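Data block below; observations after.
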Amino acid sequence: MAAAARGLRVLPRALHVPSAARQLHTSPVCLKARAARVRAGKGDKLVTYEQAHAPHHIGHRKGWLSLHTGNLCGEAGAAPRALEDAFLRRFLAGTFPGLLLDEAVLKRRGNLLVLCALLARALPPHKLYFLQGYTETLLGHFYKCPVRLELQTLPARLPYKFI
């Protein structure tokens, strides 16, 4: 009890700064949005279609990576779907390590969950078919709905352009 009383007496002295004064600092407004943009290089940086377009072009030049009705006016459940999307992307990255060439597209159509992904041709076809069945079965049990994987394999990452 005595230690607590001593701590209360010391606290106001510790917070008091003799040279502190209230001042207002202003700086010019910087309206540059730099998030989710690829920096320009010397023309040797490989950029995919998703990376080439800025975020404000979603819906004009490029589409959404998650298609569901949770973002409509008056619909509930947008936050749980965003968490599910993050889990699904991490699950795909862990199931197909180093094989995902681009971001996966998640589509919810009624009760059906469709996952579209581009993969590298690093595994033989029978292993890809096994991983596809494993993913569909496990996610179907997790979400208690039918899950379908639409996979495309490419020999290497396809450049949209070089920046």
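The values are calculated or read from the model by the stated rules, or taken from the named source; none is laboratory data. Just so it is clear, the structure is predicted and the values come from calculations on it, not from any experiment. FYI the Cβ positions are ideal-geometry reconstructions off the backbone, even for glycines, and counts take in every protein chain you see. Accessible surface areas use protein heavy atoms only, side chains included; no ligands, DNA or RNA. Shrake-Rupley method; radii C 1.70, N 1.55, O 1.52, S 1.80 Å.
Listed by first and then second residue, the pairs with beta-carbon distance under 8 Å, at least 6 apart or on different chains, first residue in the stretch 51-62 and touching a residue at least 12 places away in the same chain (Cβ under 8 Å), second in a helix (DSSP H, G or I), are 62/49; 62/50. Looking at residue 119, is it closer than 19 Å to residue 49 by Cα and either modelled with pLDDT under 95 or outside any loop (DSSP other than H, G, I, E, B) (or both)? Yes, satisfied.
Residue 133 meets all of the listed conditions (1) open to solvent by less than 60 Å² (accessible area, probe 1.4 Å); (2) within 22 Å of the chain's Cα centre (by Cα) but one, namely (2). The set of residues in the stretch 127-146 that are among the hydrophobic types (A, V, I, L, M, F, W, C) and closer than 15 Å to residue 84 by Cβ comprises 138, 139, 142, 145. Per this entry, residue 32 is not counted among residues that are without any contact (Cβ under 8 Å) to a residue 40 or more places away in the chain, charged (D, E, K, R), surrounded by fewer than 10 Cβ atoms within 10 Å (Cβ to Cβ) and closer than 29 Å to residue 155 by Cα. Exactly one residue out of 67, 72 is at pLDDT below 75 and within 20 Å of residue 151 (Cα to Cα), and it is 67. Here residue 142 clears all of (1) of a type in the set (A, V, I, L, M, F, W, C); (2) in a loop (DSSP other than H, G, I, E, B); (3) surrounded by 11 or more Cβ atoms within 10 Å (Cβ to Cβ) except the condition numbered (2).
Among residues of the stretch 121-140 that are free of Cβ contacts under 8 Å to residues at least 60 places away in the same chain, those with a beta-carbon under 8 Å from a residue that is of a type in the set (S, T, N, Q) and surrounded by 11 or more Cβ atoms within 10 Å (Cβ to Cβ) at least six positions away or on a different chain give the pairs 121/153; 128/153; 131/95; 134/95; 135/95.
Each row is one residue, and each column tells you yes or no for (1) free of Cβ contacts under 8 Å to residues at least 12 places away in the same chain; (2) open to solvent by 30 Å² or more (accessible area, probe 1.4 Å); (3) in a helix (DSSP H, G or I); (4) in contact with a helix residue (DSSP H, G or I) (Cβ under 7 Å, 6 or more places away or on another chain).
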site	(1), (2), (3), (4)
75	yes, yes, no, yes
81	no, yes, yes, yes
85	no, no, yes, no
89	no, yes, yes, no
94	yes, yes, yes, no
102	no, yes, no, yes
115	no, no, no, yes
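Of the residues screened, residue 55 is one that is at pLDDT 75 or above and open to solvent by less than 60 Å² (accessible area, probe 1.4 Å). Please determine, by comparing only the residues of the stretch 147-163 that are open to solvent by less than 70 Å² (accessible area, probe 1.4 Å) and assigned to a loop (DSSP other than H, G, I, E, B), which one is farthest from residue 81 (Cα to Cα). Among those residues, the one meeting the criterion is 163.
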